[in-house]
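Chemist: Take a look at the following structure, please.
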Amino acid sequence: QCDLQGLWRNELGSNMTVLAMNTAGTFSGSYHTAVAATNKQILVSPLQGVQQHPSAKRHPTFGFTVQWQFSDSTTAFVGQCFVDHRGKETLETTWLLREEVPSHKDTWKATR
């Protein structure tokens with residue numbers, strides 16, 4: 001069974017820490033990205049999330065948002081946790097980042 005709690009690292013060097021999950025499947029933590037389209041100092045940023053059916057599924061789905069502390073943007077991640085035959089846990093995720101833009105006419109360039 002997959003357990004999201006703990007420290008996760010991705011192939012680009014970003015780190016995510018997921019704190020204890022409650023019985024409803026909600027969790028919090030922090031994300032320290034190794035990559036960003038900014039010249040500002042990258043800061044550790046808070047995350048909030050939820051896991052689907054936390055005690056019932058072997059390969060649960062989950063989602064979380066990160067409120068970046070160094071830019072005017074928020075990222076939403078969705079994914080699934082997999083466990084291989086050796087017990088190694090892997091998270092497969094997809095994300096959307098929404099950046100603040102000055103006006104509605106600029107909305108076309110606000111989402112990556």
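The values are calculated or read from the model by the stated rules, or taken from the named source; none is laboratory data. Only a predicted model underlies this, so the values are computations on that prediction, with no experimental measurement involved. Note: ideal-geometry Cβ built from the backbone for every residue, glycine included; neighbour counts use all protein chains shown. For the accessible areas, the whole protein counts, side chains as well, though only heavy atoms, and no ligand, DNA or RNA atoms are used. Shrake-Rupley method; radii C 1.70, N 1.55, O 1.52, S 1.80 Å.
Chemist: When residues of region 13-43 are filtered for being of a type in the set (Phe, Trp, Tyr) and touching a Gly at 6+ places or on another chain (Cβ under 7 Å), how many remain?
Modeler: The qualifying residues number 1.
Chemist: Let me ask another. Can you list the strands (runs of 3 or more DSSP E) lying wholly within region 1-73 that have 3 or more residues being surrounded by 13 or more Cβ atoms within 10 Å (Cβ to Cβ) and modelled with pLDDT of 95 or more?
Modeler: Once the strands (runs of 3 or more DSSP E) in region 1-73 are filtered for at least 3 residues that are surrounded by 13 or more Cβ atoms within 10 Å (Cβ to Cβ) and modelled with pLDDT of 95 or more, what remains is 15-18, 26-32, 45-51, 61-67.
Chemist: Criterion first (part of a strand (DSSP E or B) and open to solvent by 80 Å² or more (accessible area, probe 1.4 Å)) does residue 95 satisfy it?
Modeler: Yes, satisfied.
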